[in-house]
Structure formats: C-alpha cells, structure tokens
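Student: For reference, the structure I am asking about is given below.
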Amino acid sequence: MIDRLSSLLERESSRLFLWFPVGMGLGVVAYSSLSTEPSLWISFFCLIFSGIFLFVSRRRRGLKLFLAICFSVSLGFTAIHYKTWRLVTVERVVPLQQKEKSYFIGQIQDIEFMRNRQRFIMKLADGRLVRLSAKETQTISIGDQIRFRSTLLPFSTPVLEEGYDYGRVAFYKKLSATGRMTDIEILQQSLPASSIIQALRAKVTQSLLMVIPGESGAIAAALVTGERGRISESTRQAYADAGIAHVLAISGLHLSLIAGLIFMMVRRGLCLSMTLAERYNLKKIASFLTFPFLCAYLMISGMGVPAIRSFIMVSIVLVGTIVDRQALSMRTLALAAIAILLIQPENLMSASFALSFAAVAALIAAYEDGWTPLKDWANKGGTLRRIVVYGVGIVASTIIATAATLLITLYVFNRISLQAIIGNLVAIPLMGFLIMPLLLIGVLFLPFEQCHKVFNILDQAIALMTKVAHWTATLPGAAIQVAKPPEAFIWLMVLGGLWLCLWRTKVRFLGIIPCLIAFTLLWHKPDPFIWMSPDAQLYWYDGQTLSTFANARSNNFIQEILLRQLGLKKVQVVARDTAQENILGNSVVLLNEKFSYQKHASVYQNAQVILSCRYMPTFLSNKDKIILDRSDLKSGRGMLIRFNQSQPYVVRNVQNRPWRIERDVSRVSH
C-alpha cells in the first residue's frame with residue numbers, strides 16, 4: 001500500500017502544488033468555524049514553525065508532504081485571522097448590537113443605484129461605516145457631507161445554522177450597521193477631486209442609463225460598472241431561472257473578453273507598421289499594453305470578488321505570454337486562488353468564489369487532454385473545420401461549466417436550472433461577438449456623444465438576450481426549487497470535484513465516489529424546527545409544511561429565507577391564536593396571545609415545548625419543559641429549537657466572534 005502510494009505521488013508530483021490553495025482554504029474554514037476567537041500569536045507560531053520545518057525537511061518525502069499540508073493550512077488560517085485582527089484593532093470595525101435612532105452626520109463614500117431608491121455607503125462622524133437606503137434623489141453625490149435622521153439596525157444573523165451570514169459579510173466590508181435615512185440635509189458638497197473612482201463609476205452609470213433607456217440600459221450599466229440595482233426583479237429572476245445570471249455579474253467572462261478585444265486591437269494596430277512587425281514581438285507588446293485597460297475596467301467595475309479573481313488569472317496569462325510560458329493552466333488557477341486567499345481570504349465563503357473557480361477548474365481539466373485532438377483536426381483542415389470546432393467548443397464549455405456549478409448553485413441558492421445550456425448557447429456568443437465589443441467602443445467614445453448607432457445596436461442585442469432569458473425561464477425544468485441539503489453534501493462535492501480536476505492519472509476517477517455519495521443526500525429532508533424571529537414572529541416546520549400565525553405581523557424577508565431553504569413555495573397560515581403540534585412525538589404549544597391559566601392550563605400540563613409571542617408568567621418555569629417567550633429576545637436575536645433524536649433543544653445565541661453571534665447548543669432533558 002505504501003509503495004503504491006509512493007508510486008502515485010511520483011507520477012503526480014508535478015500536480016501536488018495544486019493542492020496548496022486547498023490547504024489554505026481548509027485553514028480559512030477552520031478559523032471561521034471556531035466558537036471563540038483564538039490568539040493571533042498562536043496562528044503566527046504555527047505558521048512560522050511549520051514553514052521552518054518544511055524548509056529543513058528535504059529528504060523525507062512523506063514528512064515533507066505532511067509539513068506542506070500543515071504550512072498551507074496555517075497560512076490560510078493566519079491570513080484570515082490577521083485580517084480579522086486588523087479590522088478590529090486598526091480599522092475599529094465594531095458591529096452594532098442594538099438599534100440606534102438619532103440624527104447623524106456623515107460623508108457619502110459610495111452610491112448604489114436601485115429601482116426607485118438609492119443605497120449609500122456612509123462614513124459617520126464617529127468613524128463608523130454604515131449602509132443606508134433612501135428614496136431616489138439626484139441632489140446627493142459621492143463625497144457630500146450630510147445630516148440625516150435614521151434608525152441604525154444590526155445586520156441579521158443566519159436564520160438557520162447553515163444560512164447566509166449577513167453580519168459576517170458586512171464585517172469584512174467594514175460595515176457596522178444598516179438602515180434607512182430621511183430628512184436629508186446637505187452640509188457640504190463634495191470637492192471635485194474626492195472619490196474619483198466612485199464618482200467616475202456613478203457618472204458612467206448615469207450616462208449609460210441616459211443613452212440606453214429601460215431595462216437594456218440597466219443591464220449595460222451592470223456589465224460596465226457592476227451596478228445591478230436598476231435591473232428589475234422579474235428580469236433578474238428570468239436570468240437566474242434561465243441559468244445565465246452569471247452574465248450580469250462582472251467575472252472571468254467579461255474581463256477575458258475585454259482583455260482579448262484590447263489585445264487584438266493593439267496587436268492588429270501595431271501590425272500596420274512593417275518596421276514594428278519585423279523588429280519586435282508584437283504579441284508581447286500587445287500583452288503589456290493590455291494591462292492598463294484591464295486595470296481601468298477592474299476599478300470601474302467595483303472590484304468584486306469574481307472580477308478580482310479573473311483579473312489575477314488574466315494578468316498571469318498575459319505575463320505568461322510575455323515570458324514565453326504556457327498562458328492558461330491549472331497552475332495559473334492555483335496561483336490566482338493563493339493570491340485571493342492571501343488578500344481577501346474571507347471571500348472563500350462566498351458563492352462567487354466557489355462558482356467561478358469550480359467552472360474554470362473544470363474547463364481546464366477537461367481541455368488539458370481532451371482539446372488537443374480536436375485542435376489538431378482543425379489545424380489540418382480549412383475554415384469549415386475551425387468553425388465546427390469553435391461551435392463544439394462553445395457547446396462543450398457550456399455543458400462542462402454548467403455541470404461543475406450546478407450542484408454548488410443548488411446548495412447555495414436552493415434552486416437549479418436544467419435549461420441553462422440553452423440559455424448559455426445564446427447568451428455567450430451574444431456577449432462575445434456583439435455586446436462586449438459594442439460596450440467597449442461605446443464607453444471609450446462616451447464623452448464625445450457620437451455613438452448613437454452603436455448604442456442602438458447594443459440596445460437591441462441586450463434586449464434579444466433578455467427575451468431569450470424570459471423565454472428559457474418558461475421552459476419545463478428551468479427553475480426547480482429544492483430543499484437545502486445537509487452540510488456534508490457540499491464537503492463531498494468539493495472533495496470529489498477537486499479530486500477529479502487536480503489529478504491527471506486514472507486515480508482521478510476515484511473522485512466520482514464522494515460525488516455519488518453526495519447525490520444520495522439530495523433526498524434528505526430538512527429536520528423539524530421552531531423559529532422565533534427577533535420581532536417575536538413564530539414559524540414552525542413539522543417536516544412537511546412551514547406554518548405561522550395569520551394575524552401576526554409578517555416578515556417577508558424571513559419567510560423568503562425559510563421557504564428557500566426548505567424548498568417550499570408557500571407558508572401555511574394558522575387562523576387561530578393557539579396552535580398545538582406533535583413534532584417527532586413531542587407535544588408543542590405555540591401561542592400568539594397572552595397566556596391565560598384558565599384557558600391554557602390543560603395544554604400547559606401536557607406540553608413539552610411552549611413558545612409564546614407575548615410575555616409568559618414567571619411562575620410557569622419548569623426545568624422539564626422548554627418555555628420561551630418574548631423576554632428571551634432581549635438580545636435582539638431570534639431563538640431556534642431543534643429536535644435531536646426526538647429530543648428538543650434550544651440553539652442559543654452567544655457573542656464570541658468579532659462579526660456575529662455564534663450559536664451555542666444547550667439541551668433540555670425530560
């Protein structure tokens with residue numbers, strides 16, 4: 001067994017480096033999953049000593065491999081730990097714990113344009129960075145200092161254990177609170193030189209919305225500046241259901257197209273000079289001159305996670321062209337992953353990171369060996385063969401990328417589109433041949449106001465893509481809603497996908513085993529629970545339906561999250577104010593009215609779990625029962641009850657991490 005393992009490592013020795021960012025990712029996940037904040041010195045100690053031992057262990061291959069794993073995990077752990085420490089101690093990012101209502105003075109840092117409103121990133125006078133929304137107004141610009149009234153609210157924590165953590169995401173964006181603002185008064189207008197990049201983004205967005213009216217203008221702005229707020233909800237949903245929502249988020253597709261267009265234009269332009277063509281390597285010069293344009297597009301796009309990842313990858317490709325190395329390979333992808341995990345390690349937990357790297361890794365793995373025969377066949381023939389190969393390439397790329405991201409999309413968004421191939425077969429060629437080239441020309445000549453015909457064609461091309469999205473979204477299987485699988489599902493899929501992509505010998509096919517095991521978890525039904533929201537609204541799931549009280553104040557945000565995670569379409573509304581349920585053999589009483597001993601005495605005696613939206617009398621406390629009421633929500637956080645082997649327990653909230661309230665489990669025995 002040891003000999004076979006050594007033989008495997010020998011054949012795959014050139015691929016071992018590809019697992020280094022995987023180790024870094026494990027370190028980031030390990031840090032994020034801790035219940036308490038560790039000491040930074042311990043992180044640096046483990047990193048330094050694992051690095052030293054790795055450096056001195058040159059002969060013993062097994063030991064060196066083990067130390068390399070330790071070093072990669074320690075590097076990822078320390079990277080995210082140091083960034084968190086810096087945000088807390090240097091940047092002074094402190095998440096708001098309770099709502100705060102007052103008049104505030106702040107300076108506008110950024111503006112996001114939404115439909116009928118705007119969202120602002122505001123730096124308050126005390127140094128806090130907050131995200132506030134207000135009704136659309138054209139009198140405010142980036143850099144203005146304003147006075148306003150607002151109720152600041154803390155970012156919500158996950159509704160269920162594996163839900164999206166808005167507080168954590170906001171913390172790493174240096175945001176302390178959210179809310180709405182009214183009674184806005186401008187105290188000082190911005191200076192012309194302040195916030196140049198943000199002001200330029202806002203100016204380009206407004207200009208595109210003016211020259212391209214309606215929905216097409218909003219999509220054009222999203223493709224250039226990353227501002228997607230003006231796109232209607234119905235259009236967003238249509239793109240998502242059609243499986244082409246990725247074209248609305250600036251990522252590798254957009255940056256690679258822009259880089260390719262600039263590269264081609266510069267190279268063809270230089271070729272017009274016979275002197276330059278004979279004396280210099282124009283391919284290298286074009287690669288070098290593409291960098292400034294690529295940097296400009298990255299900055300004006302808002303520097304999102306997919307854009308940064310793509311910028312790093314495209315930059316490595318261009319550098320490889322300059323130094324005569326293979327431009328695109330799995331090693332290039334690994335270097336891009338390492339760079340992002342060092343600079344922005346928190347983005348490992350984002351959907352954009354997983355989807356973009358999964359798609360690119362699958363494409364590179366498939367084309368490393370499989371593309372060569374087709375390429376040779378095309379080179380031996382004429383134009384017709386090249387057209388055929390190009391068409392096959394588009395279809396194959398769409399199928400590979402869709403298959404690689406399908407189950408990740410299912411886990412993150414709880415819905416999949418089986419018609420994504422149809423949508424992408426239309427959207428990708430439109431983007432590559434028409435929309436992105438016209439956008440590049442239009443934006444470059446936007447100040448001269450002489451590109452009306454270009455914008456007219458662009459309007460029609462984007463409208464066609466939108467029509468295809470709406471049509472594809474109506475096809476059977478375009479939007480299948482599913483319940484969120486258990487956490488083991490994503491771990492098995494990641495393990496199997498990495499094993500299939502990172503190895504090249506036949507051993508790679510062992511990665512199919514964890515993928516097949518993960519498939520079986522898709523039929524796992526979510527466990528029953530009871531959730532009392534921060535505004536004292538009760539929701540309970542008995543394994544089949546999600547229920548709530550009819551006359552209670554509804555919270556559409558929480559309902560949407562719960563329905564999506566459970567794979568349900570609607571909430572069952574209970575008309576009465578008292579509900580008696582039997583959940584896994586436990587008698588549960590839920591009250592939406594004041595407790596009356598005469599009215600509720602019988603149900604109280606027989607119940608094992610009692611939850612009330614009102615305040616319960618203190619004399620009802622019983623160590624053999626779980627009794628929760630409105631007083632348990634004083635921390636401003638919700639309460640969750642789970643059932644483990646038919647035994648109920650409360651999942652309590654305990655503050656012990658810088659960005660959010662971690663969940664601590666305490667059981668109640670009968």
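The values are calculated or read from the model by the stated rules, or taken from the named source; none is laboratory data. Being a predicted model, the structure only gives us computed values, none of them experimental. When we count neighbours, we look across all protein chains shown, and the Cβ atoms used for this are built from the backbone with ideal geometry, even at glycine. Note: areas computed on protein heavy atoms with side chains; ligands, DNA, RNA excluded. Shrake-Rupley method; radii C 1.70, N 1.55, O 1.52, S 1.80 Å.
Student: State whether one or more residues within segment 444-464 are open to solvent by 70 Å² or more (accessible area, probe 1.4 Å) and within 24 Å of the chain's Cα centre (by Cα). So that I can check it myself, show each step before the final result.
Tutor: Residues of segment 444-464 that are open to solvent by 70 Å² or more (accessible area, probe 1.4 Å), as a first pass: 444-445, 447-450, 452-453, 456-457, 460, 464.
Still in the list and also within 24 Å of the chain's Cα centre (by Cα): none.
Within segment 444-464 (the criterion being open to solvent by 70 Å² or more (accessible area, probe 1.4 Å) and within 24 Å of the chain's Cα centre (by Cα)), the answer is no, since none of the residues qualifies.
Student: Quick check: is even one residue across segment 583-594 over 28 Å from TYR164 (Cβ atoms), over 39 Å from the mean Cα position of the chain (by Cα), surrounded by 15 or more Cβ atoms within 10 Å (Cβ to Cβ) and among the hydrophobic types (A, V, I, L, M, F, W, C)?
Tutor: no
Student: Determine whether segment 404-425 contains at least one residue that is over 27 Å from LEU294 (Cα atoms), free of Cβ contacts under 8 Å to residues at least 12 places away in the same chain and hydrophobic (A, V, I, L, M, F, W, C).
Tutor: no
Student: Looking for something of a type in the set (Ser, Thr, Tyr), within 26 Å of LEU333 (Cβ to Cβ) and not in a helix (DSSP H, G or I) - is there at least one such residue anywhere in segment 230-239?
Tutor: Scanning segment 230-239, I find no residue that is of a type in the set (Ser, Thr, Tyr), within 26 Å of LEU333 (Cβ to Cβ) and not in a helix (DSSP H, G or I), so the answer is no.
Student: Considering (1) free of Cβ contacts under 8 Å to residues at least 12 places away in the same chain; (2) at positive phi, say which one ILE196 fails and leave the rest.
Tutor: Exception for ILE196: condition (2).
Student: Provide a single number: the residues in segment 163-184 that are outside any loop (DSSP other than H, G, I, E, B), among the aromatic types (Phe, Trp, Tyr) and at pLDDT below 90. Steps first, please.
Tutor: Step one: of segment 163-184, the residues outside any loop (DSSP other than H, G, I, E, B) are 166-172, 177-184.
Now drop any that are not among the aromatic types (Phe, Trp, Tyr), which leaves 166, 171-172.
Add one more test, that the residue is at pLDDT below 90, and what stays is 166.
Result for segment 163-184: 1.
Student: Something else: Kindly indicate the residue of segment 5-35 that is modelled with pLDDT of 85 or more and of a type in the set (S, T, N, Q) and also surrounded by the most Cβ atoms within 10 Å (Cβ to Cβ) among those meeting that condition. Before you say what the answer is, go through the steps one by one.
Tutor: Quick first cut of segment 5-35, residues modelled with pLDDT of 85 or more only: 15-34.
Going one step further and asking which of them are of a type in the set (S, T, N, Q), we end up with 32-33.
Working: SER32: 18, SER33: 8.
This residue is SER32.
Student: Restricting attention to segment 560-572, does a residue exist that is open to solvent by less than 30 Å² (accessible area, probe 1.4 Å), over 20 Å from LYS625 (Cβ atoms) and at pLDDT below 80?
Tutor: Looking for residues that are open to solvent by less than 30 Å² (accessible area, probe 1.4 Å), over 20 Å from LYS625 (Cβ atoms) and at pLDDT below 80, one finds none in segment 560-572, hence no.
Student: So, in segment 44-66, of the ones that are open to solvent by less than 50 Å² (accessible area, probe 1.4 Å) and either among the β-branched types (Val, Ile, Thr) or modelled with pLDDT of 90 or more (or both), which residue ends up nearest to LEU342 (Cα to Cα)?
Tutor: Taking segment 44-66 as the starting set, the residues that turn out to be open to solvent by less than 50 Å² (accessible area, probe 1.4 Å) are 47, 50-51, 54, 57.
Okay, now just the ones that are also either among the β-branched types (Val, Ile, Thr) or modelled with pLDDT of 90 or more (or both), so 47, 50-51.
Working: LEU47: 14, SER50: 17, GLY51: 16 Å.
Out of the qualifying residues, it is LEU47.
Student: Just for segment 326-335: of the residues that are modelled with pLDDT under 85 and hydrophobic (A, V, I, L, M, F, W, C), which one is least open to solvent (accessible area, probe 1.4 Å)? Even if it seems obvious, please write down each step before you answer.
Tutor: Restricting attention to segment 326-335, the residues satisfying the condition of being modelled with pLDDT under 85 are 326-329, 332.
With the extra rule that they be hydrophobic (A, V, I, L, M, F, W, C), the set shrinks to 327-328.
Details: ALA327: 33, LEU328: 92 Å².
For segment 326-335, the residue satisfying everything is ALA327.
Student: While we're here: If I filter segment 44-98 down to residues being under 30 Å from LEU129 (Cβ atoms) and β-branched (Val, Ile, Thr), which single residue comes out as nearest to the chain's Cα centre (by Cα)?
Tutor: ILE80
Student: Still on this structure, please answer the following. Considering only segment 234-244, state which residues are open to solvent by 10 Å² or more (accessible area, probe 1.4 Å) and modelled with pLDDT of 85 or more. Outline the logic, then answer.
Tutor: First pass over segment 234-244, keeping only residues open to solvent by 10 Å² or more (accessible area, probe 1.4 Å): 234, 236-237, 240-241, 243.
Result: SER234, ARG236, GLN237, ALA240, ASP241.
Student: Residues that are over 30 Å from PRO95 (Cα atoms) and open to solvent by 60 Å² or more (accessible area, probe 1.4 Å): does segment 630-638 have at least one?
Tutor: Pass one, segment 630-638, residues over 30 Å from PRO95 (Cα atoms): none.
Within segment 630-638, not a single residue is over 30 Å from PRO95 (Cα atoms) and open to solvent by 60 Å² or more (accessible area, probe 1.4 Å).
Student: In the list LEU160, LEU187, LEU200, which residue meets the criterion of being more than 30 Å from ALA296 (Cα to Cα), more than 25 Å from the chain's Cα centre (by Cα) and either surrounded by fewer than 16 Cβ atoms within 10 Å (Cβ to Cβ) or at pLDDT below 80 (or both)? It would help to see each step written out before you state the result.
Tutor: On the way: LEU160 fails: more than 25 Å from the chain's Cα centre (by Cα); LEU200 fails: more than 30 Å from ALA296 (Cα to Cα).
Result of the check over LEU160, LEU187, LEU200: LEU187.
Student: Still on this structure: Can you go through GLY260, GLY269 and tell me which one is farther than 14 Å from GLY432 by Cα and among the small types (Gly, Ala, Ser)?
Tutor: Only one candidate passes the filter, namely GLY269.
Student: Follow-up. Among the candidates GLN118, GLN98, which residue alone is surrounded by fewer than 17 Cβ atoms within 10 Å (Cβ to Cβ) and of a type outside the set (D, E, K, R)? Before the answer, list the steps.
Tutor: Values: GLN118 fails: surrounded by fewer than 17 Cβ atoms within 10 Å (Cβ to Cβ).
Exactly one residue qualifies, and that residue is GLN98.
Student: Just checking, how many residues over segment 498-530 are touching a residue at least 60 places away in the same chain (Cβ under 8 Å), over 25 Å from the mean Cα position of the chain (by Cα) and open to solvent by less than 60 Å² (accessible area, probe 1.4 Å)?
Tutor: Summing the residues that are touching a residue at least 60 places away in the same chain (Cβ under 8 Å), over 25 Å from the mean Cα position of the chain (by Cα) and open to solvent by less than 60 Å² (accessible area, probe 1.4 Å) in segment 498-530 gives 6.
Student: Now for a separate question. Quick check: anything in segment 371-388 assigned to a helix (DSSP H, G or I), more than 30 Å from PHE171 (Cβ to Cβ) and acidic (Asp, Glu)?
Tutor: Within segment 371-388, the subset assigned to a helix (DSSP H, G or I) is 371-379, 383-388.
Next, from what is left, pick out any that are more than 30 Å from PHE171 (Cβ to Cβ): 371-379, 383-388.
Pick out the ones that are also acidic (Asp, Glu) and you get 376.
Yes - at least one qualifying residue is present in segment 371-388.
Student: Conditions first: (1) open to solvent by less than 40 Å² (accessible area, probe 1.4 Å); (2) within 19 Å of LEU223 (Cβ to Cβ); (3) modelled with pLDDT under 85. LEU439 passes all but one, so which condition is the exception?
Tutor: (3)
Student: Output the number of the condition that ILE212 fails; it satisfies all remaining conditions of (1) of a type outside the set (Asp, Glu); (2) under 24 Å from the mean Cα position of the chain (by Cα); (3) within 26 Å of TYR297 (Cα to Cα); (4) open to solvent by less than 10 Å² (accessible area, probe 1.4 Å).
Tutor: (2)
Student: Also, quick follow-up: What helices (runs of 4 or more DSSP H) completely inside segment 275-361 contain at least 3 residues that are under 19 Å from the mean Cα position of the chain (by Cα)?
Tutor: Working: elements: 282-300, 305-322, 330-343.
The qualifying helices (runs of 4 or more DSSP H) are 305-322, 330-343.
Student: Another question, if that's okay. Quick one: is LEU464 in a helix (DSSP H, G or I), hydrophobic (A, V, I, L, M, F, W, C) and in contact with a strand residue (DSSP E or B) (Cβ under 7 Å, 6 or more places away or on another chain)?
Tutor: Values: in a helix (DSSP H, G or I): yes; hydrophobic (A, V, I, L, M, F, W, C): yes; in contact with a strand residue (DSSP E or B) (Cβ under 7 Å, 6 or more places away or on another chain): no.
Answer is no for this residue.
Residue by residue, here is whether (1) more than 29 Å from GLU593 (Cβ to Cβ); (2) at pLDDT below 75 holds:
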site: ILE626; (1), (2): no, no
site: ASP632; (1), (2): no, no
site: ARG637; (1), (2): no, yes
site: ILE641; (1), (2): no, no
site: PRO648; (1), (2): no, no
site: ARG660; (1), (2): yes, yes
site: SER666; (1), (2): no, yes
site: HIS670; (1), (2): no, yes
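Student: In this structure, is ILE69 assigned to a helix (DSSP H, G or I), open to solvent by 70 Å² or more (accessible area, probe 1.4 Å) and either under 25 Å from TRP503 (Cα atoms) or in contact (Cβ under 8 Å) with a residue 60 or more places away in the chain (or both)? Break it down into steps so the answer makes sense when it comes.
Tutor: Working: assigned to a helix (DSSP H, G or I): yes; open to solvent by 70 Å² or more (accessible area, probe 1.4 Å): yes; either under 25 Å from TRP503 (Cα atoms) or in contact (Cβ under 8 Å) with a residue 60 or more places away in the chain (or both): yes.
So ILE69 fits the description; yes.
Student: Quick one: would you say SER216 is modelled with pLDDT of 85 or more and out of contact with any helix residue (DSSP H, G or I) (no Cβ under 6 Å at 6 or more places or on another chain)?
Tutor: Numbers: modelled with pLDDT of 85 or more: yes; out of contact with any helix residue (DSSP H, G or I) (no Cβ under 6 Å at 6 or more places or on another chain): no.
The answer is no for SER216.
Student: Which of (1) assigned to a loop (DSSP other than H, G, I, E, B); (2) over 26 Å from GLU91 (Cα atoms) is the odd one out, the single condition GLY143 does not satisfy?
Tutor: Answer for GLY143: the failing condition is (2).
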